[in-house]
Amino acid sequence: MIRTALIDENVNFQLGDEALIAKWQNNQSSTIWIDIQYEEKNSVASTLKELNVPQLAIEDALRSRHPPKIEFFDDQLFILYKGIKNIKSTLDFEHQQIALFISNNSIITVHPAKSPGIDITLDNLSKIKHITPIHLALNIMKNASYLYLENVLEFESRLSELEDQFQVQGDDQLLSELTSYKSKLIKLIRVFKYHHSVTQTLLVESDQCSYLDYDSHVHAINDLNDRFDRLVTLSQMHYEIAGDLIDGYLSISAHKLNVTMRVLTVITAIFVPITFLAGIYGMNFEYIPELKHRMGYFILLGVMGLIATSLLIVFKKNRWL
């Protein structure tokens, strides 16, 4: 599926399909946005070749897995980033690879499924005052960053609730939930760092894309760079808090287990000598001298009580109880 938006010199735009591409090619003083959502890679590759997209960029854009990157060509800027395909739940994003090919009068976006960032930008096209290819690309990534930020801030509230619950009474269910969040956060941190690297490269190496109106977009690029930097910082902070909560819960659980084992060990230590004595006098020998003693039973009980009391005193003195 191909969607297009043709913008003239007066910032009037016309939405349509691939028929607008021919109109733009006849009058390239206007700007066009070509959004391609593909199913077959071969068909989209041939379309991109017709639109003079470099072959190396096409190969990177259509790979099944490729880390986000930015690459400068003679008359085109190529940005590959992890776009949002679907938001399943808190911190649970289904990503897709989105390619942006940006020149002085065109932007081509290529992706395999619906993209919220692209749809929001297309729907709000009338609200954008200064429509240029690089500005559209920044808006697409910025709208995606809004969705990321809303979700991460939503998780911040949930994390506060988990902290309070752990202080009252932690359990294995909360531990499992935190572990799941921690796994999702580390994946998001990796994505945000990639995106932050892309915007930093765009800031530092702006001289390589002189064909774009870079100076008028420095503020927007800085804003996007700061946003991804904030996402990286927030995610890392939440990851560390989740890790601290997990470590704290495991430490408390280990301490409780140690206390329990210590009590059981003390009980065992007390009853071992008593059981030993009971075992001796439970033997079926005919001649055991103490058995003939009139007070033997009470003496044995007294010895057992003395041993138990002595051990308890020793354990208390050494603070084992």
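The values are calculated or read from the model by the stated rules, or taken from the named source; none is laboratory data. The shown structure was predicted, so the numbers you read here are calculated from the model rather than taken from an experiment. We place every Cβ from the backbone using ideal geometry, glycine too, and count neighbours over all the protein chains shown.
Report yes if GLN37 is modelled with pLDDT of 80 or more, at negative phi and surrounded by 14 or more Cβ atoms within 10 Å (Cβ to Cβ), otherwise no. Break it down stepwise before answering.
Numbers: modelled with pLDDT of 80 or more: yes; at negative phi: yes; surrounded by 14 or more Cβ atoms within 10 Å (Cβ to Cβ): yes.
So GLN37 fits the description; yes.
Test VAL259 against the stated conditions and say whether it is closer than 30 Å to GLN173 by Cα, part of a helix (DSSP H, G or I), without any contact (Cβ under 8 Å) to a residue 60 or more places away in the chain and touching a His at 6+ places or on another chain (Cβ under 6 Å).
Working: closer than 30 Å to GLN173 by Cα: yes; part of a helix (DSSP H, G or I): yes; without any contact (Cβ under 8 Å) to a residue 60 or more places away in the chain: yes; touching a His at 6+ places or on another chain (Cβ under 6 Å): no.
Criteria not met by VAL259.
Consider only pairs whose beta carbons are under 7 Å apart and that are at least six residues apart or on different chains; among these, list those whose first residue lies in segment 165-188 and is closer than 16 Å to HIS238 by Cα and among the aliphatic types (A, V, I, L, M) and whose second residue is modelled with pLDDT of 85 or more and assigned to a helix (DSSP H, G or I).
Close Cβ pairs satisfying both conditions: LEU178/ALA242; LEU185/SER235; LEU185/HIS238; LEU185/TYR239; LEU185/ALA242; ILE186/TYR239; LEU188/SER235.
Going through segment 137-153 one residue at a time, which ones are exposed (fewer than 15 other Cβ atoms within 10 Å of the Cβ) and either part of a loop (DSSP other than H, G, I, E, B) or of a type outside the set (Phe, Trp, Tyr) (or both)? Break it down into steps so the answer makes sense when it comes.
Taking segment 137-153 first, the residues exposed (fewer than 15 other Cβ atoms within 10 Å of the Cβ) are 146, 150, 153.
GLU150, LEU153, listed by residue number.
Condition check: surrounded by fewer than 20 Cβ atoms within 10 Å (Cβ to Cβ) and touching a helix residue (DSSP H, G or I) at 6+ places or on another chain (Cβ under 8 Å). Does ILE134 satisfy that? Break it down into steps so the answer makes sense when it comes.
Working: surrounded by fewer than 20 Cβ atoms within 10 Å (Cβ to Cβ): no; touching a helix residue (DSSP H, G or I) at 6+ places or on another chain (Cβ under 8 Å): yes.
When the stated conditions are applied, ILE134 does not pass them.
Please find, among ILE274, ILE307, ILE280, ILE246, the residue that is in the same structural domain as GLN165 (by TED's automatic domain parsing), aliphatic (A, V, I, L, M) and modelled with pLDDT of 80 or more.
ILE246
Look at segment 284-300 and say how many of its residues are over 19 Å from ILE274 (Cβ atoms) and in a helix (DSSP H, G or I).
The qualifying residues number 2.
Among the residues of segment 1-34, which ones are in contact with a Leu (Cβ under 7 Å, 6 or more places away or on another chain), surrounded by 16 or more Cβ atoms within 10 Å (Cβ to Cβ) and either assigned to a helix (DSSP H, G or I) or among the polar types (S, T, N, Q) (or both)?
THR4, LEU20, TRP24, SER30
Of all residues in segment 59-100 being hydroxyl-bearing (Ser, Thr, Tyr) and outside any strand (DSSP E or B), which is modelled with the lowest pLDDT?
So, considering only residues that are hydroxyl-bearing (Ser, Thr, Tyr) and outside any strand (DSSP E or B), the one modelled with the lowest pLDDT is SER64.
Give just the number: which of (1) in a helix (DSSP H, G or I); (2) over 22 Å from the mean Cα position of the chain (by Cα); (3) in contact (Cβ under 8 Å) with a residue 24 or more places away in the chain; (4) closer than 30 Å to LYS41 by Cα does SER126 not satisfy?
(4)
Just a yes or no: is a residue in segment 263-270 under 30 Å from SER176 (Cβ atoms), not assigned by TED's automatic domain parsing to the domain that holds GLN173 and not acidic (Asp, Glu)?
Among the residues of segment 263-270, at least one is under 30 Å from SER176 (Cβ atoms), not assigned by TED's automatic domain parsing to the domain that holds GLN173 and not acidic (Asp, Glu), which makes the answer yes.
Checking ASP119 against (1) more than 23 Å from the chain's Cα centre (by Cα); (2) at pLDDT 85 or above; (3) under 26 Å from LEU203 (Cβ atoms), only one condition comes out false. Which one?
Checking ASP119 against (1) more than 23 Å from the chain's Cα centre (by Cα); (2) at pLDDT 85 or above; (3) under 26 Å from LEU203 (Cβ atoms), the one that fails is (3).
Given the criterion modelled with pLDDT of 80 or more, over 22 Å from ILE84 (Cβ atoms) and in contact with a helix residue (DSSP H, G or I) (Cβ under 6 Å, 6 or more places away or on another chain), identify the matching residue among LEU185, LEU175.
LEU175
So which residues in segment 158-193 are among the small types (Gly, Ala, Ser) and surrounded by fewer than 17 Cβ atoms within 10 Å (Cβ to Cβ)?
Within segment 158-193, SER160, SER176, SER180, SER183 meet the criteria.
Checking TYR239 against (1) among the aromatic types (Phe, Trp, Tyr); (2) assigned to a loop (DSSP other than H, G, I, E, B); (3) under 30 Å from LEU188 (Cβ atoms), which test does it fail?
Condition (2) is where TYR239 drops out.
What's the total number of residues in segment 245-303 that are more than 60 Å from the chain's Cα centre (by Cα), charged (D, E, K, R) and exposed (fewer than 12 other Cβ atoms within 10 Å of the Cβ)?
Number satisfying all stated conditions: 3.
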